[in-house]
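**Q** I have a structure here, written as structure tokens, and I will follow up with some questions on it.
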Amino acid sequence: MSLVVYLAAAMLLLAMAVKLRRPRTALRDPLIRSVCTAILLSALTFILAAPHTIAAVNDATGIPNFGAPLTYSVLSAMSCSLMVVLLHWRGGPVERIRRTARACVAAYGLLIAAIVVLFACADAPVERLSDLDTHYANTPYMREMILLYLLGHSVSELVLLAWCWSWQREVSGVLRTGLRLIAVGCLLDVVGFQATKYVAVGARWHGYDWDFLSTFVAPPLASLGALTCAVGFILPRVGPAVAAVATALRDHRRLAPLWGEVSALATAPKPPTAWWHSPQERLHQREVSIHDGLLVLAPHLDDGVRLAARTTALAQGLGEHDARVVAEAAMLADAARRARNGAPPQETPSPYQLYATEAADPSALVELARALATSPVATAAREGTLSLPTANPEGSLSLPTAAREGPRTLDAAASEGSLSLPTAASEGPRTLDAPARTPQDRTHHAP
């Protein structure tokens, strides 16, 4: 049994270490102080409750069973600290919180004093390391001490359970999840630890021997309940941080196709890959490097490729936004292909601004990366097989309009699928690598 409770204590101390990631700033917060105090007292309770620790305490003091009132006192202090934590969590007027917290401390202070006095009055000469509650269940003063610490702990857990269950209906997110975990932990403690203790002690009062409930069933369930409560207490603090790490890892992975497109350029800076960098740092470095790569490709961006890709995407049934992302992906893939092949920049740089450079978060870059990886239009542009209509002999673009509509832009005509680019009957459609037939025609090929 010592191994079980020591393991529970170690997990609780780990939870407290997570809560105190930055001790100087964390300890200034009264809520964090109260949570860490509760977790520390819980861990100390398990350490003191281990039979090996009880034997060491008894030997050190020279008083048989002195470890029992010490453990019960720390358990009562832990029960009080849990109620103080909930008081701070619920919030409200500071004076009311302090007044209620002082009342809890005073009540459990009296309880601890009563436990010590009752043990001093009791006659318990035989050392019991794991079954003291049931062995001395009928001993005067020891009986009252055992019942008193159980009642004090039960009151704390039931109040905590009621508060958490009622409060979780008023909040959402990780705070609600934390409250529910605390409620589950309290329920495990009430049903698994306290109920079995009450049954085992009551059985002794009526002449039955059900000591196994107190000795073998209660400790593991108490450990499980305490660990569940600890997770519930630290989740509201570490939950957002864990979610941020998961999001950064996911976005970093999803940006891989876009990074692969620009990383092949000799001038594209490579993000650092040191093992100590956090996922957020890695994501930020990849975003910065991608944006730098996009700047390198800016002179190679071809609006003709974008318009053709956008028209194709709209014809495939994509929405306006998705068609824009696919068109930008195709334009970027074409620019990267021609830049890798040593093609000169466009004679007239495109003034078009990518959607991915307008958004403040990486979501737009993730959309662009997804389109690069999944869109057949972007694949065709990357391979140089995206069909582009040729210009007319005058080198102009014909945009049909109704007299009542007035002139329309290239994007508006393309969005309606009515962008008309007449070709000679003998030419047919061109690909990105096909040379233009007229001097005025814009080149969309890699020389």
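**Q** Quick check on my filter: what residues within segment 46-100 are closer than 14 Å to Leu31 by Cβ, in contact (Cβ under 8 Å) with a residue 24 or more places away in the chain and small (Gly, Ala, Ser)?
**A** Correct list: Ser81 only.
**Q** Here is a further query. Taking the stated definitions as given, is Ala226 more than 30 Å from Pro279 (Cβ to Cβ), under 36 Å from the mean Cα position of the chain (by Cα) and modelled with pLDDT of 90 or more?
**A** No; evaluated as a whole, the condition is false for this residue.
**Q** A further question follows. Could you tell me how many of the residues in segment 341-367 are loosely packed, with under 11 Cβ neighbours inside 10 Å and either touching a Leu at 6+ places or on another chain (Cβ under 8 Å) or at positive phi (or both)?
**A** Number satisfying all stated conditions: 1.
**Q** Just to confirm my filter: which helices (runs of 4 or more DSSP H) fall fully inside segment 62-137 and include at least 3 residues that are assigned by TED's automatic domain parsing to the domain that holds Thr37, touching a helix residue (DSSP H, G or I) at 6+ places or on another chain (Cβ under 6 Å) and not polar (S, T, N, Q)? Before the answer, list the steps.
**A** On the way: elements: 67-90, 94-121, 132-135.
The helices (runs of 4 or more DSSP H) meeting that bar are 67-90, 94-121.
**Q** Let me ask you something else. Among the listed residues Val238, Val242, which satisfies the condition of being farther than 24 Å from Met78 by Cα, in the same structural domain as Gly91 (by TED's automatic domain parsing), at pLDDT below 85 and β-branched (Val, Ile, Thr)? Working first, answer last.
**A** Details: Val238 fails: farther than 24 Å from Met78 by Cα.
So the residue among Val238, Val242 that is farther than 24 Å from Met78 by Cα, in the same structural domain as Gly91 (by TED's automatic domain parsing), at pLDDT below 85 and β-branched (Val, Ile, Thr) is Val242.
**Q** Which of the residues belonging to segment 158-179 are crowded, with 16+ Cβ neighbours inside 10 Å and either more than 22 Å from Ala243 (Cβ to Cβ) or not β-branched (Val, Ile, Thr) (or both)? Before you say what the answer is, go through the steps one by one.
**A** Residues of segment 158-179 that are crowded, with 16+ Cβ neighbours inside 10 Å, as a first pass: 159-161, 163-164, 167-168, 174-179.
Of everything in segment 158-179, those that are crowded, with 16+ Cβ neighbours inside 10 Å and either more than 22 Å from Ala243 (Cβ to Cβ) or not β-branched (Val, Ile, Thr) (or both) turn out to be Val159, Leu160, Leu161, Trp163, Cys164, Trp167, Gln168, Leu175, Arg176, Gly178, Leu179.
**Q** Still on this structure: Please enumerate the residues belonging to segment 192-224 that are in contact with a Phe, Trp or Tyr (Cβ under 7 Å, 6 or more places away or on another chain), closer than 21 Å to Pro140 by Cα and either crowded, with 22+ Cβ neighbours inside 10 Å or among the acidic types (Asp, Glu) (or both).
**A** If the condition is that a residue be in contact with a Phe, Trp or Tyr (Cβ under 7 Å, 6 or more places away or on another chain), closer than 21 Å to Pro140 by Cα and either crowded, with 22+ Cβ neighbours inside 10 Å or among the acidic types (Asp, Glu) (or both), then Ala200 is the only one that fits.
**Q** Out of Arg338, Arg370, I need the residue that is in contact (Cβ under 8 Å) with a residue 60 or more places away in the chain, surrounded by 14 or more Cβ atoms within 10 Å (Cβ to Cβ) and closer than 24 Å to His284 by Cβ. Which one? Step through it out loud before you land on a result.
**A** Numbers: Arg338 fails: closer than 24 Å to His284 by Cβ.
None of the others qualify; the one that does is Arg370.
The values are calculated or read from the model by the stated rules, or taken from the named source; none is laboratory data. All values reported here derive from a predicted model rather than from experimental measurement. All Cβ positions, even for glycine, are placed from backbone atoms using ideal geometry, and neighbour counts span all protein chains on display.
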